[in-house]
Amino acid sequence: MIDHRLQYPATERNRDAILDVLRGVLPEAGIVLEIASGSGEHVVHFARAFPNLTFQPSDPEDAALHSIAAWTQDTGAANVLPPVMLDAASDRWPVGKADAILCINMIHIAPWRATEGLLREAAALLPQGAPLYLYGPYRQASVVTAPSNEAFDDSLKARNPEWGLRDLEIVAALARDSGFSAPVVTAMPANNLSVVFRRV
């Protein structure tokens with residue numbers, strides 16, 4: 001029997017730190033849409049911690065969709081819906097409702113149009129006051145970028161010139177123009193950031 005579960009070491013390292021932030025961000029009830037769910041390890045971990053929330057995972061890759069389904073079945077997470085194929089850059093998301101949106105480690109490993117689509121469609125989907133949570137490495141104008149992040153940026157651009165660390169100020173400006181608040185930023189382990197926008 002084929003095991004479709006993908007495993008990413010970074011997920012196990014960062015999931016509890018992210019969870020600590022999400023406890024102060026997510027609503028008490030409703031639907032949480034995760035964009036670019038990847039292996040599915042995050043979504044099942046969060047689902048266990050928030051049994052009153054329903055999680056909708058998504059990803060544009062078939063292998064990820066199979067992995068998400070496998071992790072959901074393996075953990076018996078009853079509050080995780082079947083994953084849907086979703087490309088953040090698309091203007092036709094196959095989701096009709098969300099009370100919060102999570103996007104972990106996508107923006108730097110996707111073309112800029114995926115960030116544009118994420119902010120545009122999240123603004124159309126979320127009700128007033130609802131959170132859009134982003135996680136990953138960013139450049140900040142007032143902060144010296146860590147050497148490890150500079151090396152990571154170089155490696156990303158070598159793999160795909162459309163990838164790379166984004167300037168947080170540029171992402172925040174696009175979010176503002178899309179209908180979001182200024183971000184609340186929390187420093188995370190390994191030179192990552194939690195960035196929370198609210199629909200205004």
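The values are calculated or read from the model by the stated rules, or taken from the named source; none is laboratory data. What you see is a predicted model; the values in this text were computed from it and never measured. Neighbour counts run over all protein chains shown; Cβ positions are idealised from the backbone, glycine included. Accessible surface is based on the protein model in full, side chains and every heavy atom, while ligands, DNA and RNA are left aside. Shrake-Rupley method; radii C 1.70, N 1.55, O 1.52, S 1.80 Å.
Structure data summary
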item	result
Boolean, LEU193 is under 17 Å from VAL25 (Cβ atoms), surrounded by 15 or more Cβ atoms within 10 Å (Cβ to Cβ) and in contact with a Leu (Cβ under 9 Å, 6 or more places away or on another chain)	yes
Sole exception among (1) farther than 24 Å from ARG113 by Cβ; (2) open to solvent by less than 40 Å² (accessible area, probe 1.4 Å); (3) touching a residue at least 60 places away in the same chain (Cβ under 8 Å); (4) not hydroxyl-bearing (Ser, Thr, Tyr) for VAL171, by number	(1)
Selection count, the range 142-185, where residues are of a type in the set (A, V, I, L, M) and within 15 Å of LEU132 (Cβ to Cβ)	9
Within the range 1-39, tally of residues that are part of a loop (DSSP other than H, G, I, E, B), in contact with a helix residue (DSSP H, G or I) (Cβ under 7 Å, 6 or more places away or on another chain) and within 17 Å of ILE109 (Cβ to Cβ)	5
So ALA69, is it surrounded by fewer than 18 Cβ atoms within 10 Å (Cβ to Cβ) and either in a helix (DSSP H, G or I) or at pLDDT 95 or above (or both)	yes
Hits in the range 174-189 (condition: assigned to a helix (DSSP H, G or I), surrounded by 13 or more Cβ atoms within 10 Å (Cβ to Cβ) and either of a type outside the set (Lys, Arg) or touching a residue at least 40 places away in the same chain (Cβ under 8 Å) (or both))	LEU174, ALA175, SER178
Matching residues, the range 96-125, being part of a loop (DSSP other than H, G, I, E, B) and either modelled with pLDDT of 95 or more or under 30 Å from ASP154 (Cβ atoms) (or both)	ALA98, ASP99, ASN105, MET106, ALA110, PRO111
Considering residues of the range 108-161 that are open to solvent by less than 60 Å² (accessible area, probe 1.4 Å) and of a type in the set (Asp, Glu) only, the residue farthest from the chain's Cα centre (by Cα)	ASP153
Residues of the range 25-49 satisfying the condition of being closer than 21 Å to LYS97 by Cα and either open to solvent by 30 Å² or more (accessible area, probe 1.4 Å) or among the basic types (Lys, Arg) (or both)	PRO27, GLU28, ALA29, ILE31
